[in-house]
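Any read-out appearing in this document is the output of simple, stated calculations on the displayed coordinates, not a laboratory observation. If you're wondering where the values come from, they're calculated on a predicted model, not measured in any experiment. Ideal geometry is used to build each Cβ from the backbone, glycine not excepted, and the neighbour counts take in all protein chains shown.
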Amino acid sequence: MKIEHFAYNVAEPQALAAWYVEHFGLSIVRHIPQPAQTHFLSDGAGTIIEIYCNPPDKVPNYRELDPLQFHFAFVSADPGADSARLCKAGASIVVDQNLPDGSRLMMLRDPWGIAFQLCKRAKSLT
């Protein structure tokens with residue numbers, strides 16, 4: 001088996017989808033307007049993120065979650081430049097790590113408090 005998608009419940013799925021499309025180059029491959037404003041976002045390489053607002057279920061307070069409890073990661077050729085661009089768009093830096101193997105990992109939060117990581121690994125995971 002392989003992963004089809006991962007999903008999370010957010011308060012403002014339309015705004016969040018638009019932000020990731022604009023600033024990460026993701027595309028909306030499916031949008032189901034009602035009842036939950038579900039958006040399936042693709043990176044073009046097979047990874048799909050589903051975002052929605054499901055009112056019967058509580059939207060987590062992502063700002064209160066430690067990024068090590070929940071985050072997703074993007075490969076970045078230049079985490080410093082990408083983080084500066086994303087911070088201008090409302091993101092904030094949580095931690096910037098330079099690892100002994102030469103990898104650089106930057107943890108940030110988007111404007112809604114959801115943690116994401118920019119990764120420039122010395123050796124790719126794939």
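Considering only 64, 22, 12, the Gaussian network model of the chain with Cα springs below 10 Å gives its largest mean-square fluctuation to 64.
For the range 28-41, the Karplus equation 6.51 cos²θ - 1.76 cosθ + 1.60, evaluated at θ = phi - 60°, returns couplings of 7, 9, 7, 9, 10, x, 10, x, 10, 6, 6, 10, 9, 9 Hz by residue, with Gly and Pro reported as x.
The lysines within cross-link reach of residue 88, meaning a Cα-to-Cα straight distance under 23 Å and a gap of 8 or more places when in the same chain, are 120.
The label point for residue 22 and the one for residue 68, both projected 7 Å from the Cα toward the Cβ, are 3.4 nm apart.
Using just its DSSP H runs of length 4 or more, each adding -39500 (n - 2.57), the chain gives a mean residue ellipticity at 222 nm of -5500 deg cm²/dmol after division by all residues.
Summing charges over neighbours of residue 72, with a neighbour being any other residue whose Cβ is under 13 Å away from its Cβ, gives -2 when K and R count +1 and D and E count -1.
What you get for the range 63-126, charging only the Cβ of Lys and Arg (+1) and of Asp and Glu (-1), is a dipole of about 160 debye around the Cα centre. Count Lys and Arg as plus one, Asp and Glu as minus one, and take only other residues whose Cβ is under 15 Å from that of residue 38; the net charge is then -3. Out of the range 50-126, which trypsin sites (Lys or Arg not before Pro) are coil in DSSP terms and have no more than 14 other C-beta atoms within 10 Å? Counting only loop positions with at most 14 other Cβ atoms within 10 Å, the trypsin sites (Lys or Arg not before Pro) in the range 50-126 are 58, 123. Answer with a single label: of (1) 23, 17, 14; (2) 25, 16, 14; (3) 31, 16, 11, which was calculated as semi-axes √(5λ) of the Cα gyration tensor in Å from the structure in view? Computed from these coordinates, semi-axes √(5λ) of the Cα gyration tensor in Å corresponds to label (2). Run the Debye formula on the Cα coordinates of the range 1-54, all scatterers equal and no solvent, and tell me log10 I(q)/I(0) at q = 0.21, 0.30 1/Å. With one equal scatterer per Cα and no solvent, log10 I(q)/I(0) is -0.69, -1.24.
Computed from Cα atoms, the angle from the helix 13-24 axis to the main principal axis of the chain rounds to 30 degrees.
The residues neighbouring residue 104, those whose beta-carbon lies less than 14 Å from its own, together hold a net charge of -1 under the Lys/Arg +1, Asp/Glu -1 convention.
Placing +1 on the Cβ of every Lys and Arg and -1 on the Cβ of every Asp and Glu, with nothing else charged, gives the chain a dipole about its Cα centre of roughly 200 debye.
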